[in-house]
Amino acid sequence: MSDVGELYQDIILDHNRRPRNYGELAGDARRAEGKNPLCGDEVTVWVRLDGDVIGEVSFVGIGCAISRASASLMTAAVKGKSRAEAVELFDRVHGLVTGREREPDSYKKLGGLAALSGVSRYPARVKCASLAWHALRSAMAAAPASVSAE
Ligand code: ZN
């Protein structure tokens, strides 16, 4: 494996071991769940929109290292982005993990998310890598949780 491959491997393992933005968002956050029965991955994503911008985002997930690392990398990448920017980023990541996106330049723009490029060699893992992103998209489209007025 190349040095770059090893670097990417380290990023995946680090995010799996120490996931960023892990835990529930309380209050009126929107949430959605995703399941990947092929691998046994389950993820719940919370998002709080500030107008059209992702103010806060978090996740809780069980499953393989790729599904957890992808969710962790996602939360770090989309915070502060608009809904449209997040969906566009998802499209790029999807291209990356399916091997459609092979431009080294776009890897650079993706930052840590580029670590997911190795997934393109394992088509069965594409669902693992995209699970949290699908959940994010659903969460952004969901209604905010109703907060009981007390
Ligand atoms: Zn998986």
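The values are calculated or read from the model by the stated rules, or taken from the named source; none is laboratory data. What you are looking at is a predicted structure, and each value in this text was computed from that prediction instead of being measured. Please note: Cβ atoms are built from the backbone with ideal geometry, for glycine as well, and neighbour counts cover all protein chains shown. The accessibility values were calculated without ligands, DNA or RNA, using every heavy atom of the protein model including side chains. Shrake-Rupley method; radii C 1.70, N 1.55, O 1.52, S 1.80 Å.
Taking all protein chains as shown and a probe of 1.4 angstrom, Arg48 keeps an accessible surface of around 60 Å². Over the residues of the chain, the helix contribution to mean residue ellipticity at 222 nm works out to -14500 deg cm²/dmol, using -39500 (n - 2.57) for each DSSP H run of at least 4.
Taking amide H as placed 1.01 Å from N in the peptide plane, the amide H of Ala29 sits under 5 Å from that of Ala145, each at least 5 places away or on another chain. Taking label positions 7 Å along the Cα-Cβ direction at both Glu33 and Ala143, the computed distance is 1.9 nm, reported to one decimal. FRET efficiency for the Asp91 to Tyr122 pair, using the beta carbon distance and R₀ = 25 Å, is estimated at 0.80. Cα centroids of segment 1-62 and segment 81-150: 10 Å apart. The simple Förster model, with R0 at 25 Å and r as the Cβ-Cβ distance, assigns Asp50 and Lys108 a FRET efficiency of 0.35. 3J(HN,Hα) along segment 108-120, derived from phi through the Karplus expression 6.51 cos²θ - 1.76 cosθ + 1.60 where θ = phi - 60°, amounts to 4, 5, 7, x, x, 4, 4, 4, 7, 4, x, 4, 4 Hz, with x in place of Gly and Pro. Evaluated at q = 0.09, 0.12 Å⁻¹, a Debye calculation over the C-alpha positions of the chain (equal weights, vacuum) places log10 I(q)/I(0) at -0.26, -0.46.
State which helices in the chain qualify, where a helix is a whole DSSP H run, it must extend 20 Å or more along its own axis by its Cα atoms, and its mean Kyte-Doolittle hydropathy must be at least -0.5. Helices passing the filter in the chain: 83-98, 126-141. Packing, taken as the mean count of other beta carbons within 10 Å per residue, orders the peptides 128-140, 107-119 from highest to lowest as 128-140, 107-119. Shown in residue order for segment 34-42 are the 3J(HN,Hα) couplings computed by the Karplus curve 6.51 cos²θ - 1.76 cosθ + 1.60 at θ = phi - 60°: x, 9, 10, x, 4, 10, x, 7, 9 Hz (x for Gly and Pro).
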